[in-house]
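*Asks:* I'd like to ask some things about the structure below.
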Amino acid sequence: MNPLSSNIIGNNLLEFKNLVGIKFEMYNSLFTSLPFHRVEKTGILLSLFLLHCEEGFRKEQSPADIINTFFQQYTTYRNEQEQTDLLFRFIQYAERQVVLFDALEDAAFSDIHDMHGIGTLKQLQSEVLQRSSQVQLSEKLKDFSVRLVLTAHPTQFYPKEVLGIIHDLAKALVNDDTVLVNTYLEQLGKTPFFKKQKPSPYDEALNLIWFLENVFYQSAGQILSTLENQFPDVVDEKNPLIRMGFWPGGDRDGNPFVKSDTTLKVAEALRGSIIKCYYRDVRQLKRRLTFHGVENVLAALEDKLYNNLFIPGFKADLNEEEIKSTLFQIRKTLIDQHNGLFLNLVDNLLSKVKIFGLYFASLDVRQDSSIHTRALEVIAEKTSALPKNYKNLSEEQKIAALLSINIKVDTSLIENELDKDTLETIAAIRTIQKINGPDGCHRYIISHSTSALDIMEVYGLFLLSGWKKEKLSMDIVPLFETIDDLQNAGDVMKSLYKNGAYRKHLKQRNNIQTIMLGFSDGTKDGGYLMANWSIYKAKEIMTSVSREYDVEVVFFDGRGGPPARGGGKTHQFYASMGRNIANKEIQLTIQGQTISSNFGTIDAAQYNMEQLIHAGISNALFSTRDTTLTDKEEDLLQALANESYEAFSILKNNPDFLEYLNYASPLRYYAETNIGSRPSKRKSGKLNLNDLRAVPYVGAWSQLKQNLPGYYGVGLAFEKLEIAGKWNEIKHLYEHSLYFKTLLDNCEMAMNKCFFPLTAYLSKHPKYGTLWNMIYEEFERTKKYLLCLTGRTELMGDKPADKLSIQMRQRIELPLITIQQYALTRIREMDDQAVDSSEKKIYEKLVMRCSFGIINAERNSA
């Protein structure tokens with residue numbers, strides 16, 4: 001590490017200690033005034049309980065022993081109700097400690113991170129000017145963009161009311177306004193942290209629209225304005241550089257509560273929200289632009305926006321081009337007649353209109369391929385649109401039948417609600433495009449895509465809904481997730497590109513094919529290394545196939561929060577992509593907690609978006625060496641992936657594997673937390689790994705503090721290749737490949753959040769002890785090899801500020817994970833005794849309440 005990097009890291013750590021660590025201890029004392037029952041005593045007892053937990057785990061005590069001895073030594077509570085009441089008060093207290101810590105980190109973000117340093121637009125400007133790369137940048141910006149797609153995957157435990165308090169609390173903390181901080185903490189004490197009912201898909205959409213209005217609207221607009229100011233002749237007028245996508249209300253895969261009317265309602269909410277933002281900005285502009293030739297033009301725009309928002313019947317009376325042309329007119333007048341006064345304010349609003357249009361975020365529709373197949377089989381049976389024997393035709397014959405469709409299906413003939421809704425959703429897309437504009441909803445994503453037929457069946461459904469081939473303004477996006485599907489993806493796309501009708505459709509869509517790749521199910525299927533490497537290879541192969549057929553391919557990454565689901569330091573992955581992988585755009589999902597932790601404030605959102613933009617542009621323009629892996633490096637990674645996959649498969653195929661997770665973790669309670677509208681399993685019935693969704697699967701391992709999906713198999717793979725004499729090659733790969741280093745950096749992050757003493761009592765369990773020891777031994781093995789590779793003495797030793805953040809969060813959550821394991825132990829005891837009483841329900845409630853605080857403390861756990 002060079003001296004400059006060491007200084008930056010040291011300064012970041014010092015800032016973190018001063019602005020977060022010390023302030024947390026100071027403001028934490030204000031919790032004694034929160035309006036809880038006997039709160040002062042609760043705060044004192046919680047401090048004692050934390051120390052007791054730390055000492056107990058050092059002595060290798062179980063959570064049950066720790067809690068029982070605590071009540072005996074420090075309280076007079078002897079009956080169960082008094083004891084569980086105190087545990088609930090501990091949870092309430094700790095939940096709000098997490099909120100305080102979140103707010104402190106948010107408030108300190110711009111001090112801890114260098115907002116003009118490595119990976120920012122300021123650095124990009126310096127690099128471009130230093131290397132005289134304006135022409136290359138101009139060429140790159142013609143079609144490069146970063147697309148952030150907000151999803152409603154249920155890993156966000158804060159209701160929007162609490163998010164608002166965190167937002168305001170962070171502002172008060174920035175100003176060191178202790179009185180206001182105390183007021184917000186009191187508000188926090190009275191505000192519920194969890195919902196008694198599940199949110200509807202529409203509720204989920206409104207929660208995420210809060211982030212669009214309060215964060216992305218400001219930060220994305222500022223980025224584009226800054227870039228246009230830095231490079232006025234370089235930024236392409238037709239390419240907004242940043243695009244927002246949206247899944248709540250459009251993603252119906254496994255969610256029976258998302259209907260066509262939901263999709264329409266969410267699209268309307270998005271449109272209303274962005275118009276409200278424009279209306280607010282225009283009213284602000286009016287206070288400044290009080291000049292002749294401008295004031296009346298701006299007033300007319302304000303009236304149009306007002307009518308659209310508040311008066312029925314004016315929805316079609318406004319379009320994006322009209323807003324732009326009005327602002328360009330005002331801009332010209334300011335330059336010609338008023339010396340460009342307040343031109344920056346007009347340009348900033350123009351930037352926002354370019355990014356958000358009249359749709360705010362483009363609503364993606366997603367459904368499972370099996371639903372389309374079933375709908376088409378029903379249509380064939382009930383109508384004359386398809387051959388009656390469609391179900392029994394070969395793949396080639398089915399595609400031929402789909403391309404021969406020439407009639408629109410009458411949906412009244414379809415009885416099944418899901419089949420009918422599939423067709424009505426496609427009709428809804430046409431309505432959204434008409435009202436919100438063509439970009440308001442233009443992507444249909446197909447989960448579990450395994451063949452070209454899966455894509456062509458969606459193409460056929462659009463024809464059956466009355467769309468004409470030559471006017472089909474939709475991008476059909478296959479999603480490849482499992483290891484087998486990823487390995488077959490190249491052949492699927494080649495088969496698709498050979499289809500003349502589909503190629504003609506692609507030409508209408510600017511010859512661009514978007515392909516989505518899912519990290520979550522891949523990790524669940526093949527383990528950490530194999531999943532990531534399979535996605536890399538799939539991108540490599542599909543890039544080659546697409547270039548062979550002269551198709552511009554764009555990869556859309558379905559990433560979650562933690563490394564096990566494609567999260568972690570994602571911008572480093574994009575910076576490490578070689579020239580054999582298409583990098584026209586960066587597209588990724590931003591899920592659950594990642595939205596609030598990485599994009600929860602304007603500063604954080606701007607910083608992280610700039611990191612992604614810089615990664616995509618600098619990789620193409622300034623890469624000092626070719627990041628493309630050599631054949632030898634690819635062979636080594638493939639060997640590591642294979643060994644890791646074999647190790648993970650042995651664990652996964654253990655008949656007790658999923659039972660162990662269900663036994664030891666809060667997995668079974670995920671569906672009852674009321675944080676998401678979507679069921680935790682794809683199908684009802686007996687629990688199995690294929691139907692279990694990635695969020696509860698990864699989240700359960702996280703709450704168990706074992707984080708297995710983020711590292712299992714890595715250590716065993718290293719061990720096998722070391723025995724084979726390949727260790728020096730692995731060290732060389734780590735030192736020279738940013739891709740491999742990023743993989744292992746994220747692995748370190750997952751491991752740094754583990755705490756095996758919590759569940760060490762299971763190491764001698766008659767049924768699950770073997771599994772626990774397998775997992776623990778692999779954790780220690782992986783840790784040993786990672787430290788040997790990095791040359792450090794501890795995990796994340798090169799990121800002390802991040803490491804300290806994790807350590808402080810883990811101290812806050814230690815009482816919560818202890819209480820949760822204690823409650824699970826008590827529930828198992830009652831199950832063994834066949835007790836199903838109100839007492840058991842109290843412990844189940846303890847488990848769920850702990851989940852909220854644990855997940856929020858982790859920030860990227862699922």
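The values are calculated or read from the model by the stated rules, or taken from the named source; none is laboratory data. This is a predicted model, so every value here is computed, not measured. We place every Cβ from the backbone using ideal geometry, glycine too, and count neighbours over all the protein chains shown. The accessibility values were calculated without ligands, DNA or RNA, using every heavy atom of the protein model including side chains. Shrake-Rupley method; radii C 1.70, N 1.55, O 1.52, S 1.80 Å.
*Asks:* Please give every one of the lysines within straight-line cross-link reach of Lys23, meaning a C-alpha to C-alpha distance under 19 Å, and leave out same-chain neighbours fewer than 8 residues apart.
*Replies:* Leaving aside lysines fewer than 8 places away in the same chain, those within reach of Lys23 are Lys171, Lys803.
*Asks:* What percentage of the solvent-accessible surface of segment 802-862, computed with a 1.4 Å probe over protein heavy atoms, is contributed by carbon and sulfur atoms?
*Replies:* Percent of accessible area from carbon and sulfur atoms in segment 802-862: 48.
*Asks:* Pop out the carbon and sulfur fraction of the accessible area of segment 385-530 as a percent, whole number, probe 1.4 Å.
*Replies:* Whole-percent figure for carbon plus sulfur exposure: 46.
*Asks:* Ile445's amide H: which non-local residues (gap 5+, or another chain) put their own amide H closer than 5 Å, with H modeled 1.01 Å from N in plane and none for Pro or chain starts?
*Replies:* Residues meeting the amide H criterion: Val365, Arg366, Gln367, Val477.
*Asks:* At 7 Å along Cα-to-Cβ for each site, give me the label-to-label distance between Thr411 and Ser763 in nm.
*Replies:* About 6.0 nm, to one decimal.
*Asks:* Determine the equivalent ellipsoid of the chain by diagonalising the alpha-carbon gyration tensor, then write out the semi-axes as square roots of 5 times the eigenvalues, largest first, rounded to whole Å.
*Replies:* Those come to 42, 34, 30 Å.
*Asks:* Quick one: which of 728-741, 213-226, 476-489, 525-538 comes out on top by average Cβ neighbours within 10 Å, and what's the full order, highest first?
*Replies:* Per-residue mean Cβ counts within 10 Å order the peptides as 525-538, 476-489, 213-226, 728-741.
*Asks:* Next up: As a check on your grasp of the helix formula, calculate [θ] at 222 nm for the chain: sum -39500 (n - 2.57) over DSSP H runs of n ≥ 4, divide by the residue count, round to the nearest 500.
*Replies:* Helix-only estimate at 222 nm: -20000 deg cm²/dmol.
*Asks:* Let me ask another. Expressed in nm to one decimal, what extension gain is obtained for the pair Ser404 and Glu322 from 0.36 nm per residue of sequence separation less their Cα-Cα distance?
*Replies:* Result: 25.5 nm gained on full extension.
*Asks:* Keeping the other protein chains in place, figure out the carbon and sulfur percent of the accessible area of segment 150-245, with a 1.4 Å probe.
*Replies:* 49 percent
*Asks:* Continuing with the same structure: By how many nm would the segment from Gln337 to Lys41 grow when fully extended, if each residue of separation counts as 0.36 nm and the alpha-carbon distance is taken off?
*Replies:* Additional length available on full extension: 99.7 nm.
*Asks:* Taking the Cα-to-Cβ direction at Thr75 and at Asp236 and moving 7 Å from each Cα, how far apart do the two end points lie in nm?
*Replies:* Going from the Thr75 label point to the Asp236 one covers 6.3 nm.
*Asks:* Moving on to the next point. What whole-number volume per residue, in cubic angstrom, does the convex hull of the C-alpha atoms of segment 497-621 give?
*Replies:* 121 Å³
*Asks:* Would you mind checking the pairs Lys140/Lys784; Lys388/Lys468; Lys17/Lys764; Lys494/Lys524 and listing those with alpha carbons more than 31 angstrom apart? Walk me through the numbers before you get to the answer.
*Replies:* Numbers: Lys140/Lys784 43 Å; Lys388/Lys468 23 Å; Lys17/Lys764 40 Å; Lys494/Lys524 27 Å.
Pairs exceeding the cut-off: Lys140/Lys784; Lys17/Lys764.
*Asks:* Separate question: With labels modelled as points extended 7 Å from the Cα through the Cβ direction, what inter-label distance (nm, one decimal) is found for Glu646 paired with Glu127?
*Replies:* 4.0 nm
*Asks:* Rg and Dmax of segment 737-841, using alpha carbons, in Å: what are they?
*Replies:* Gyration radius and largest Cα-Cα distance of segment 737-841: 17.9, 57 Å.
*Asks:* Got the relative contact order for the chain handy, in percent, Cα pairs under 8 Å and 6 or more residues apart?
*Replies:* Reported as a whole number, the value is 17 percent.
*Asks:* Counting only heavy atoms of protein chains, what accessible area per residue, in Å², does the chain have with a probe of 1.4 Å?
*Replies:* Result: 39 Å² per residue.
*Asks:* Sticking with this one: Kyte-Doolittle cut-off 0.0, length cut-off 24 Å along the helix's own axis using Cα: show which whole DSSP H helices in the chain pass. Walk me through the numbers before you get to the answer.
*Replies:* Values: long enough: 39-58 (28 Å, 0.57); 80-112 (47 Å, -0.08); 260-288 (43 Å, -0.67); 320-337 (26 Å, -0.64); 417-436 (26 Å, -0.31); 528-548 (30 Å, -0.24); 602-621 (28 Å, 0.17); 631-652 (30 Å, -0.49); 769-790 (31 Å, -0.25); 800-832 (45 Å, -0.45); 838-858 (30 Å, -0.14).
Once both thresholds are applied, what remains is 39-58, 602-621.
*Asks:* Which aspartates and glutamates, on any chain, are close to Lys507 with Cα under 17 Å apart, when same-chain ones fewer than 8 places away are left out?
*Replies:* Qualifying aspartates and glutamates at Cα under 17 Å: Asp143, Glu470, Asp475, Glu548, Asp550, Glu552.
*Asks:* Then there is this: Tell me whether segment 338-420 comes out rounded, prolate or oblate; compute the Cα gyration tensor, take square roots of the eigenvalues as a ≥ b ≥ c, and use a/c under 1.5 as the rounded threshold.
*Replies:* Note, shape of segment 338-420 comes out prolate.
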